Amino acid sequence: MDDEIFGSGGYFDDDGNPLNPDLIPRPGLCLLCKLNDIDDPEENILCNLNRLDQVNEKVFKCGAYLPINPDKL
């Protein structure tokens, strides 16, 4: 296995091509979530991977979703 693809960290597709997490589409549900762009690198990784996994799905699902304002539900 080529260690170069893992040397710089980051996200990669199944073929080893680097992916820019800023270019992963952000569904509307993410924009309404408390976890959207928080200062927690681990949580951001999980959110990015979840979005990346569902990029071509019609309906986005997230088990970690926390509404910004739960009183308005």
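Only the coordinates and a few stated rules stand behind these numbers; no lab work does. This is a predicted model, so every value here is computed, not measured. Note: ideal-geometry Cβ built from the backbone for every residue, glycine included; neighbour counts use all protein chains shown.
Placing unit charges on the Cβ atoms of the charged side chains and taking the dipole of region 4-72 about its Cα centre, the candidate lying farthest along the positive direction among 30, 18, 69 is 69.
Normalised radius of gyration (Cα atoms, divided by 2.2 N^0.38 Å) for region 4-72: 1.22. Note that region 10-18 has calculated 3J(HN,Hα) couplings of x, 10, 9, 7, 5, 9, x, 7, x Hz, one per residue in order, obtained from phi through the Karplus relation 6.51 cos²θ - 1.76 cosθ + 1.60 (θ = phi - 60°); glycine and proline are x. For region 30-47, putting each phi into the Karplus relation 6.51 cos²θ - 1.76 cosθ + 1.60 with θ = phi - 60° gives couplings of 5, 5, 9, 9, 4, 7, 5, 6, 6, 8, 9, x, 5, 5, 5, 4, 4, 5 Hz, in residue order, rounded to whole numbers and with x for Gly and Pro. Annotation: amide H-H contacts under 5 Å for residue 12 (H modelled 1.01 Å from N, sequence separation of 5 or more, or interchain): 19.
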